[in-house]
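I have a structure I would like to understand better, so I am pasting it below and will then ask my questions one at a time.
The values are calculated or read from the model by the stated rules, or taken from the named source; none is laboratory data. Just so we're clear, the structure is a prediction, and the values are computed from it rather than from any experiment. Neighbour counts are summed over all protein chains in view; Cβ atoms, including those assigned to glycine, are modelled from backbone coordinates with ideal geometry. The accessibility values were calculated without ligands, DNA or RNA, using every heavy atom of the protein model including side chains. Shrake-Rupley method; radii C 1.70, N 1.55, O 1.52, S 1.80 Å.
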Amino acid sequence: RALELAVKEIPVEEITSVILFTDGRHNGDAGVESIARKFGSYGIQVSTVLVGGTVKPFDLSISAADSRESVFLGDKVRFTVRVSASRANGRKSKIRFSGDAGVIEEREFTVEGDEWSQEFRFIDVPKDQGVYNYSFSVAKIEGELFENNNTRQLDVAVSDDRTNVLLVDGRPRWEYRY
């Protein structure tokens, strides 16, 4: 999150390198790879200093959420959501998939292992044009250290503006009937 904030608030011409003191846990909105690529494209060197203990805290989080940014009306919107947990072996929780109209789907899962991660896939078919706000949330487990990483939101634009193409060829072939 600190790297994302630095790119937003400080002109890149004024940054030559960054020293990041971190516990190694990701807490930003964008993926680590995307912000690292952005710094690399600007030629900014990022150095890290690892601080904190070696035992990860008890935490459950939505570590990634992805979908297409826009779809055509009538198409399915496919979502891929990754839930991660540390030191939560055997605990049960739920992931909730919600849209503008309310809860779309809810699934229960059990954490299996101290360093656990699982991918969930969801589908929705928007009925009208516009921008749809989707959210994913994981139910808090008693004793969990961080609550702010239990939700993610994605916006998807739905339009019916299809591109029409006219292909002019030299001679008609059998496909002209279609």
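Give me the pairs: first residue in the stretch 21-44 and closer than 24 Å to Asp155 by Cβ and among the charged types (D, E, K, R), second residue part of a loop (DSSP other than H, G, I, E, B) and open to solvent by 80 Å² or more (accessible area, probe 1.4 Å), beta-carbon distance under 8 Å, and six or more apart or on different chains, which are they?
Pairs that qualify, where the first residue is closer than 24 Å to Asp155 by Cβ and among the charged types (D, E, K, R) and the partner is part of a loop (DSSP other than H, G, I, E, B) and open to solvent by 80 Å² or more (accessible area, probe 1.4 Å), are Asp29/Arg1.
To continue, here is another question. Considering only the stretch 84-143, state which residues are in contact with a Leu (Cβ under 9 Å, 6 or more places away or on another chain), acidic (Asp, Glu) and surrounded by 13 or more Cβ atoms within 10 Å (Cβ to Cβ).
If the condition is that a residue be in contact with a Leu (Cβ under 9 Å, 6 or more places away or on another chain), acidic (Asp, Glu) and surrounded by 13 or more Cβ atoms within 10 Å (Cβ to Cβ), then no residue fits.
Still on this structure, I have one more. Quick one: count up the residues across the stretch 123-178 that are of a type in the set (A, V, I, L, M, F, W, C) and not in a loop (DSSP other than H, G, I, E, B).
So the answer is 9.
Taking Phe146, is it in contact (Cβ under 8 Å) with a residue 60 or more places away in the chain and surrounded by fewer than 16 Cβ atoms within 10 Å (Cβ to Cβ)?
yes
Are any residues in the stretch 37-92 closer than 23 Å to Asn133 by Cβ and either part of a loop (DSSP other than H, G, I, E, B) or small (Gly, Ala, Ser) (or both), and if so, which ones?
Ser61, Ser63, Ala64, Ala65, Ser67, Arg68, Glu69, Ser70, Leu73, Gly74, Asp75, Lys76
Also, quick follow-up: Taking the options Gly143, Gly130, Gly90, name whichever one is out of contact with any Ser or Thr (no Cβ under 6 Å at 6 or more places or on another chain) and over 26 Å from Arg25 (Cα atoms).
Within the list Gly143, Gly130, Gly90, the selection yields Gly130.
Within the stretch 1-36, take every residue that is closer than 21 Å to Asn150 by Cα, open to solvent by 70 Å² or more (accessible area, probe 1.4 Å) and among the hydrophobic types (A, V, I, L, M, F, W, C) and give me the one that is modelled with the highest pLDDT.
Among those that are closer than 21 Å to Asn150 by Cα, open to solvent by 70 Å² or more (accessible area, probe 1.4 Å) and among the hydrophobic types (A, V, I, L, M, F, W, C), it is Leu5.
If you don't mind, there's one more thing I want to ask. Of the conditions (1) at pLDDT below 85; (2) touching a helix residue (DSSP H, G or I) at 6+ places or on another chain (Cβ under 7 Å); (3) of a type in the set (Ser, Thr, Tyr), Tyr42 clears all except one; give me its number.
Status for Tyr42: all satisfied but (1).
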